[in-house]
Each structure stands twice: as structure tokens, then as C-alpha cells.
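The values are calculated or read from the model by the stated rules, or taken from the named source; none is laboratory data. Being a predicted model, the structure only gives us computed values, none of them experimental. For neighbour counting, all protein chains shown are included, and Cβ atoms are generated from backbone atoms with ideal geometry for every residue, glycine included.
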Amino acid sequence: MTAIDLRFAIAEALERSRDRSTRLTDAVDDNDLVRQHSKLMSPLVWDLAHIGNQEELWLVRDVGGRDPVRQDIDELYDAFQHPRAERPALPLLNPTEARAYVREVRDKVFDVLDRTPLEGRKLVENGFAFGMIVQHEQQHDETMLATHQLRTGAPVLHAPEPPAASGERLPAEVFVAGGPFEMGTSLEPWALDNERPAHQVQVDSFWIDTVPVSNGQYLAFIDAGGYDDQRWWSERGWAYRNEANLTAPRFWRRDGDGWLRTRFGVVEPIPLDEPVVHVCFWEAQAYAAWAGKRLPTEPEWEKAARYDPETGRSRRYPWGDEDPTPEHANLGQRHLRPAPVGAYPLGQSAYGVRQLVGDVWEWLDSDFRPYPGFKAFPYKEYSEVFFGGDYKMLRGGSFGTDKAAVRGTFRNWDHPIRRQIFAGFRCARDHRPD
Ligand code: AVJ
Ligand code: FE
């Protein structure tokens, strides 16, 4: 890519993320922007100014070497200074001020982008710092989308329906032969520190589901009394099931003999063929045990997603090396729900596994740890401070993840009890030749 093409691609990605932040914050009134819709989330106006503040810190001050725009507010928007529950009580910028702030920062960033050579310094090589900030904004946009899902009231977001299932009869699972594969990346220019470096990993033979677990399958687990049967739950999972009195995915409620769910303000019957979403790790793990299976590990997921057994190479995405298009995956909030299981035939992996990228994040039975040779870059607070904590891995992105913020190597993590994120799962099992 030439320097001009790279600058153009950066500008396009910056604008796409800002259009999305604007849509998510303009959809509600000022009252709604400053309110806390859930203790788990920040007020939307905090996310907006925090997006601007990170952009100011990295692109205006560090990359651009410019004077601060608003040094006085750094502390308010430092996620490590104030837990989410405290944020509404802070003297935050009001919606008008926050909008003016992100605009002012962005104007300076476009000027920095025009004048900074995108080489010579690791932080800017291949536009990395700009890519990091694009991903940061998109990550917060997905968080804001989750806040929208938690708010009550009439629908304010609208989008067309996702594509239908392809209608083919797919095998329930595929076999992945044991052997080494290359996990992670040393080449992907905008990959974040925890995805690096590329390294060989030995994976034993396993089977993995062709598609994510559907609402219909999950309902069978509920109907079989799965929530009341301790056999399927791990010790911590059972304790949390009891503490939180879990009986169904978040946002579901009983309606006579059936169930309804609320999705961005719309109350609707549960679509049986759609991947289940808004379950925590413990629920995913219990379902898998009930089904006689288990959750995949992170190396298994990445091998099923990236490895091409014909060439022995790991691809950038399940379908190959091309960037995602709307035909490959349900990404970018183009739709406000996952597509039915079996959709996106063009997005399948070399093994024929579908919907690994997009639709729902997938819970995995792996903890968040660094790869061998990991180096924090450019700051420890993105990944390093979370290694070894009480987190489970999530892969593949959801319908609310932008294409800039997910890849075959992209690693996400969250506490195993979290249910407001757009996470589901698929199952795997050991290969037992006999
Ligand atoms: C990587 C999605 C877990 O949103 O908590 C945003 C990303 N880090 N701002 C999060 C992040 C700093 C992070 N996750
Ligand atoms: Fe952040």
C-alpha cells in the first residue's frame, strides 16, 4: 500500500467509527446520554468523551507532538481511575461539550495524519497508532450498543434484517486433525499487542460444531431442566447460577408456555434458528456439558478459523486473506441481531466452519494469558494488566463489532459472569478413536 492509500484508508476508518459513535449518541436525548442505564455500563456521554480523550492522548499529543486540547479532563476519562458505577457522579463534560471536544480533537487528528510520516517510529509504522485508536472507538461503540440494549423504552435504533440461512443441510460438526499450526500474528499491521507474536501451537485432534448453538437448541437445555441440574454446572458456575438466580439468557422472559425477548426495545418471540446470545460463560459451559460436549479452547477456535490444511498456512480470516465484506460476515452493526445459524456460506473456514467471525462473540474455555514472546505495546493497560485475571476468552466478534476491530487473531476477554455483551458459543469435543 502506498502512503497515500494508507492515509486514505485511515481517514475512511476514522470517519466510519465517528459516524457510528454519532449515530449511537444522537439516537437519544441529553437526559438519556448522561443517565446510567445499568451499573455495568458508563453513561453514553462518558464513552463519547473517553473516545475523544484516548484519541487526544495518542494521536494529538504523542504522535502529533501537539499541545493538549483538554489536559484537565484526562483523569475523568481514565478508565482505571473511576469504575463504571462511579462515572455518572463525576463532573463530566455535558453532551454539547463532549460533542465539541471530540470534534476539536478529530480536526487536529486529520491535520496530524496529513503531516506525520507513517514510518520511522514503531508507534506510527503502517499507521498503527491510528489503527489502534480506530479499534478503540469501535470497541466503545460496541459497548455503547450494549448500553442501548440495556436501556428501557421505545426502539431508537433501526437496521435491516440479516440474511437468511443458506438452506443447505450442513454437518453438525467437523473434524480437525491434530498437529501444529501458527497461532497469532507478527505481520498484521494493526494487530494489538496480545495477538503477537506468531508462534507454533500443537493442537490434538478435535471436533467442532459447524455453527453456533441456536436459541432452539438452548431452549431444549432449559426445557430439560438444565438450569436446575447441578450435574451440568461447574462449581463456580453453579454458585453463580444460584446467586444470580439464572433461569434463561438475559433479556428473555416467560410468556405463558413460551418465551419472549427484548431486543433494542422490541419485544419478540425467540427466533429458534438464531445463535443464542446474552449468556455468560457458566451458562455456555453448562449447556455444552448437557450436550455431551465442551467449549473449544482458544487454540482450537483459532485453528478451526484460520488453518488451511491444504497449504499448512494460517489465514487472516476464516475465508481467506481478504478483508471482510457484507457477504462474509455479520459485522459492523449493519443488522441489529445475529443471522440464523448456517448463514454466510462465503464466510466459512477451510474446514467448513461457519459464522466464526461476526454474529456472536464465542466463549472459549481458556484464560487470558500472553503468548510466548509477548511485549506490551504501546501501553500495559490494554492487555498486560488483565493477564491472569478472572477472565475467559471470547473470539470472532459479533454483529456489533466493526471489521476494523476483529480478525482471525483478535483476542477479547471478559469476566465469566458477563451477560450484557453480545456473546454466545459453539461446542467442541475430544476425538476418541476407538
Ligand atoms: C478488549 C473489549 C475487553 O472494552 O473493556 C476499551 C477494550 N480497552 N478501552 C474493553 C478497551 C480500553 C476492552 N476489551
Ligand atoms: Fe477505552
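Give the number of residues within the range 28-62 that are over 16 Å from Q81 (Cβ atoms), within 14 Å of ligand 2 (Cβ to nearest atom) and surrounded by fewer than 24 Cβ atoms within 10 Å (Cβ to Cβ). So the count comes out to 2.
Let's see how each residue does on (1) within 16 Å of ligand 1 (Cβ to nearest atom); (2) in a loop (DSSP other than H, G, I, E, B); (3) on the phi < 0 side of the Ramachandran plot:
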position: R103; (1), (2), (3): no, no, yes
position: D107; (1), (2), (3): no, no, yes
position: E119; (1), (2), (3): no, yes, yes
position: G127; (1), (2), (3): no, no, no
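For the range 228-252, a tally of residues being within 14 Å of A289 (Cα to Cα) and surrounded by fewer than 19 Cβ atoms within 10 Å (Cβ to Cβ) returns 7. Of all the residues in the range 135-174, those that are hydrophobic (A, V, I, L, M, F, W, C) and either loosely packed, with under 12 Cβ neighbours inside 10 Å or at positive phi (or both) number 3. Scanning the range 89-103 for residues that are at pLDDT below 95 and more than 16 Å from ligand 2 (Cβ to nearest atom) yields one hit, A89.
Listed by position, the strands (runs of 3 or more DSSP E) inside the range 176-223 whose residues that are surrounded by 20 or more Cβ atoms within 10 Å (Cβ to Cβ) and modelled with pLDDT of 95 or more number at least 3 are 206-209. The residues of the range 47-62 that are closer than 16 Å to L118 by Cα and either β-branched (V, I, T) or within 13 Å of ligand 1 (Cβ to nearest atom) (or both), listed by number, are W58, V60. In a helix (DSSP H, G or I), within 18 Å of the chain's Cα centre (by Cα) and either touching a residue at least 12 places away in the same chain (Cβ under 8 Å) or within 16 Å of ligand 1 (Cβ to nearest atom) (or both), is that true of A329? So A329 fails the test. Exactly one condition in (1) at pLDDT 95 or above; (2) more than 15 Å from ligand 2 (Cβ to nearest atom); (3) not small (G, A, S) is false for E86; which is it? Just one mismatch for E86, condition (1). I'd like the full set of residues that are among the aromatic types (F, W, Y) and in a helix (DSSP H, G or I), limited to the range 224-247. Y227, W232, W238, Y240 - these are the residues of the range 224-247 that are among the aromatic types (F, W, Y) and in a helix (DSSP H, G or I). Out of K403, K375, one residue alone is out of contact with any strand residue (DSSP E or B) (no Cβ under 7 Å at 6 or more places or on another chain), closer than 20 Å to V201 by Cβ and at pLDDT 95 or above. It is K375.
For the range 349-380, the candidate set comprises residues that are surrounded by fewer than 23 Cβ atoms within 10 Å (Cβ to Cβ) and under 18 Å from the mean Cα position of the chain (by Cα); within that set, the residue that is nearest to E274 (Cα to Cα) is D365.
In the range 253-267, the count of residues that are surrounded by 13 or more Cβ atoms within 10 Å (Cβ to Cβ) and assigned to a helix (DSSP H, G or I) is zero.
Summed over the range 81-99, residues that are more than 27 Å from the chain's Cα centre (by Cα) and exposed (fewer than 13 other Cβ atoms within 10 Å of the Cβ) total 3. Checking each residue in the range 403-423 for being more than 16 Å from ligand 2 (Cβ to nearest atom) and under 20 Å from S38 (Cβ atoms) picks out H415, P416, I417, R418, R419, Q420, F422, A423. Within the range 129-175, the set of residues being part of a loop (DSSP other than H, G, I, E, B) and of a type in the set (A, V, I, L, M) comprises A154, V156, L157, A159, A164, A165, L170, A172. Here T2 meets each of (1) modelled with pLDDT under 95; (2) within 16 Å of ligand 1 (Cβ to nearest atom); (3) among the hydroxyl-bearing types (S, T, Y) with one exception, condition (2). Close contacts from the range 45-66, counting a first residue that is at pLDDT below 95 and a second that is away from ligand 1 (no atom under 12 Å from the Cβ) and not basic (K, R), with Cβ to Cβ under 6 Å and a gap of 6+ residues or different chains, come to none at all. Residues in the range 67-95 that are away from ligand 1 (no atom under 16 Å from the Cβ) and either in contact (Cβ under 8 Å) with a residue 24 or more places away in the chain or hydrophobic (A, V, I, L, M, F, W, C) (or both): V69, R70, I73, P88, A89, L90, L92, L93, N94, P95.
Being part of a helix (DSSP H, G or I), among the β-branched types (V, I, T), away from ligand 2 (no atom under 16 Å from the Cβ) and in the same structural domain as S17 (by TED's automatic domain parsing): is that true of V112 here? Criteria met by V112.
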